[in-house]
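A.B. asks: This is the structure I have questions about; it appears just below.
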Amino acid sequence: MMSEYYETTADKFVFKAKKDLLYSRDEVWVKREADECIRVGLTDFAQRRAGDLVFAEARPVRTKITSGGLIGSYETVKMVQDILSPTDGEIVEVNPTIESKPEVINRDPYGEGWVVVIKPASGLSVLISAEDYFESMKVKVVEELRKIKGM
């Protein structure tokens with residue numbers, strides 16, 4: 001059976017990229033919805049690099065956003081990180097679970113851990129395929145491990 005993920009193992013970690021999604025260079029994934037909207041979440045790599053999330057929030061519904069603009073943020077004991085929009089548009093739905101249970105992003109980043117749904121005002125041309133994202137992610141994984149090991 002074909003896997004729905006591209007996977008790579010580094011050290012003791014398995015990093016995944018879901019095959020049927022698009023990705024931004026800012027570590028968010030995008031899933032096209034039937035109504036022309038897009039569902040957006042953090043990549044597996046982003047949540048693994050961050051560690052256990054202790055807080056997550058999204059900007060409210062009806063917030064107008066620009067590509068590269070803030071759609072939310074997440075926090076671990078080590079860091080606070082912005083979640084950046086992959087397109088211009090408007091937030092039409094926010095995942096209510098992430099504020100009360102931010103760990104859902106760690107547990108299921110490509111499913112229940114989605115962050116917002118956006119009605120795009122422009123195209124998604126800046127996004128890359130799962131295959132291209134996976135290749136760039138593998139390079140980032142190696143770089144991160146070098147930093148951690150002080151090499």
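The values are calculated or read from the model by the stated rules, or taken from the named source; none is laboratory data. Values in this document were obtained by computation on a predicted structure and should not be read as measured data. Ideal geometry is used to build each Cβ from the backbone, glycine not excepted, and the neighbour counts take in all protein chains shown. To get the accessible areas, we keep the full protein, side chains included, count just its heavy atoms, and leave off ligands, DNA and RNA. Shrake-Rupley method; radii C 1.70, N 1.55, O 1.52, S 1.80 Å.
A.B. asks: Work out from phi, with θ = phi - 60° and the Karplus expression 6.51 cos²θ - 1.76 cosθ + 1.60, the ³J(HN,Hα) of each residue of the range 67-72, listed in order in whole Hz, and give x for Gly and Pro.
C.D. replies: Karplus values, whole Hz, x for Gly and Pro: 4, x, x, 6, 10, x.
A.B. asks: Can you give the charge dipole size of the range 1-40 about its Cα centre, rounded to the nearest 20 debye, using +1 on the beta carbon of Lys and Arg and -1 on the beta carbon of Asp and Glu?
C.D. replies: Values: 8 positive and 9 negative charges, 25 e Å.
In total the dipole reaches around 120 debye.
A.B. asks: Name the residue farthest towards the positive end of the dipole of the chain from the options Val61, Pro86, Tyr74, assuming +1 on Cβ of Lys and Arg, -1 on Cβ of Asp and Glu, about the Cα centre.
C.D. replies: Tyr74
A.B. asks: Less than 12 Å Cβ to Cβ from Val40, Lys/Arg counted +1 and Asp/Glu -1: what total charge do the surrounding residues give? Display every interim value, and only then the final one.
C.D. replies: Details: positive: Lys31, Arg32, Arg39, Arg59, Lys119; negative: Asp26, Glu27, Glu33, Glu93.
Residues near Val40 contribute +1 overall.
A.B. asks: Also, I was wondering about something else. Would you mind working out the magnitude of the charge dipole of the chain relative to its Cα centre, with +1 at each Lys and Arg C-beta and -1 at each Asp and Glu C-beta, to the nearest 20 Debye? Each step should come with its number before you reach the end.
C.D. replies: Details: 22 positive and 26 negative charges, 80 e Å.
In debye, rounded to 20, the chain gives about 380.
A.B. asks: Additional query: Could you point to the residue in Ile148, Thr43, Ser24 farthest towards the positive end of the chain's charge dipole, with +1 and -1 charges on the Cβ of Lys/Arg and Asp/Glu respectively?
C.D. replies: Ile148
A.B. asks: May I pose another question? Where the Cα atoms of the chain are projected onto their three principal axes, how long is each span, largest first, in whole Å?
C.D. replies: Over the chain, Cα extents along the principal axes are 45, 34, 29 Å.
A.B. asks: Would you please give the FRET efficiency between Lys138 and Met79, computed as 1/(1 + (r/R0)^6) with r the Cβ-Cβ distance and R0 = 30 Å, to the nearest 0.05? List each step's numbers first, then the result.
C.D. replies: Working: r = 22 Å, r/R0 = 0.75.
For Lys138 and Met79, the calculated efficiency is 0.85.
A.B. asks: Which of Val54, Val117, Val139 moves the most in a Gaussian network model of the chain with Cα springs under 10 Å?
C.D. replies: Greatest mean-square fluctuation among the candidates belongs to Val139.
A.B. asks: I've got another one for you. Find the accessible area per residue for the chain; the probe is 1.4 Å, ligands and nucleic acids are left out, and the unit is Å².
C.D. replies: Numbers: 8340 Å² over 151 residues.
The answer is 55 Å² per residue.
A.B. asks: Just tell me the longest site-free run in the chain, where the sites are GluC sites (Glu not before Pro) in a DSSP loop having at most 15 other beta-carbon atoms within 10 Å. Working shown, then result.
C.D. replies: Details: sites that count: Glu4, Glu33, Glu36, Glu112.
Between exposed loop sites, the widest span is 37-111.
A.B. asks: Counting helices only, and only those DSSP H runs with n ≥ 4, report the 222 nm mean residue ellipticity of the chain as the sum of -39,500 (n - 2.57) divided by its residues, in deg cm²/dmol to the nearest 500. Please report the intermediate quantities before stating the final value.
C.D. replies: Details: 4 runs with 36 residues, N = 151.
About -6500 deg cm²/dmol.
A.B. asks: Output ³J(HN,Hα) for the range 25-34: one whole-Hz value per residue in order, computed from phi by the Karplus curve 6.51 cos²θ - 1.76 cosθ + 1.60 with θ = phi - 60°, and x for Gly and Pro.
C.D. replies: Listing the rounded values in order: 6, 8, 6, 10, 9, 9, 10, 6, 9, 5 Hz.
A.B. asks: Need one value: the accessible area of Thr66 in square angstrom, 1.4 angstrom probe, rounded to the nearest 10.
C.D. replies: Per-residue accessible area (Thr66): approximately 90 Å².
A.B. asks: Collect residues whose amide H, placed 1.01 Å from N in the peptide plane, falls under 5 Å from the amide H of Glu33; neighbours closer than 5 in sequence don't count.
C.D. replies: Hits under the 5 Å cutoff: Ile38, Arg39.
A.B. asks: Please report the carbon-and-sulfur percent of the accessible area for the range 2-151; probe 1.4 Å, protein heavy atoms only, DNA, RNA and ligands left out. List each step's numbers first, then the result.
C.D. replies: Working: 3980 of 8110 Å².
Here carbon and sulfur together make up 49 percent of the probe-accessible area.
A.B. asks: May I pose another question? Quick one: Karplus J couplings for the range 74-85, per residue in order, coefficients 6.51, -1.76, 1.60, θ = phi - 60°, nearest Hz, x for Gly and Pro?
C.D. replies: Once rounded to whole Hz, the list reads 9, 9, 10, 5, 9, 7, 10, 9, 7, 10, 9, 6.
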